[in-house]
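Scroll down for the structure; my scribbles are underneath it.
Just so it is clear, none of the values below were taken in a lab; they were calculated from the coordinates. Small disclaimer: the values here were computed from a predicted structure and weren't measured. For neighbour counting, all protein chains shown are included, and Cβ atoms are generated from backbone atoms with ideal geometry for every residue, glycine included.
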Amino acid sequence: MEINLINPSGVNKVKKDHFNIAIGGNYELNKKILNTRNINLIIDPELLEEDFMHSRNSGLNHVLVKLAKKNNIGIGFSLDRLNKLDKLNKVNLLGKIMQNIKLCNKYKVKYYIVNFNNYKNSKDLLSFGLSLGAKNINIIQEVTT
């Protein structure tokens with residue numbers, strides 16, 4: 001099965017016979033993606049810029065995670081995005097990813113580590129996922145942009 005990577009502006013360009021991966025963003029975009037049929041995976045639902053005054057904005061909440069469960073859409077975390085950040089933003093993004101993993105564990109939503117560059121072996125990626133709190137992590141390594 002071929003992988004179809006969908007940019008935020010092209011959520012409506014879904015191919016039915018492909019594994020469709022949509023790139024997330026703000027809350028409204030994530031909600032639109034999770035309501036779209038034939039999307040298999042949303043990656044990077046976390047925002048780096050916006051946090052609330054007393055809490056972290058991870059791009060997902062219990063409502064969106066329940067919607068992902070209902071529509072059988074997985075949540076993906078991209079290593080490529082993580083490696084491009086400076087130390088402070090990397091720490092903030094890791095915290096948001098950990099928060100989203102906790103939500104996925106609680107509501108039994110599938111989640112994935114997506115590796116765009118194929119530079120790590122699967123055991124390293126599984127170890128990384130376990131260190132973030134993942135219980136049943138899945139790895140996708142064959143993605144090319």
task = Considering only segment 74-115, state which residues are in contact (Cβ under 8 Å) with a residue 60 or more places away in the chain and of a type in the set (A, V, I, L, M).
result = Val114
query = Taking Leu125 and the conditions (1) in contact with an Asp or Glu (Cβ under 8 Å, 6 or more places away or on another chain); (2) over 25 Å from Asp51 (Cα atoms), which numbered condition does it fall short on, given that it satisfies the others?
reply = (1)
query = Of all residues in segment 49-87 being of a type in the set (A, V, I, L, M) and more than 24 Å from Leu126 (Cα to Cα), which is surrounded by the most Cβ atoms within 10 Å (Cβ to Cβ)?
reply = Leu64
ask   = Do we find that Val109 is closer than 18 Å to Gly25 by Cβ and of a type outside the set (Phe, Trp, Tyr) in this structure?
value = no
task = Please tell me if Lys13 is free of Cβ contacts under 8 Å to residues at least 24 places away in the same chain, in a loop (DSSP other than H, G, I, E, B), farther than 16 Å from Gln141 by Cα and not hydrophobic (A, V, I, L, M, F, W, C).
result = yes
query = Quick check: anything in segment 24-45 in contact (Cβ under 8 Å) with a residue 24 or more places away in the chain, surrounded by fewer than 22 Cβ atoms within 10 Å (Cβ to Cβ), in contact with a Phe, Trp or Tyr (Cβ under 8 Å, 6 or more places away or on another chain) and within 14 Å of Lys110 (Cα to Cα)?
reply = yes
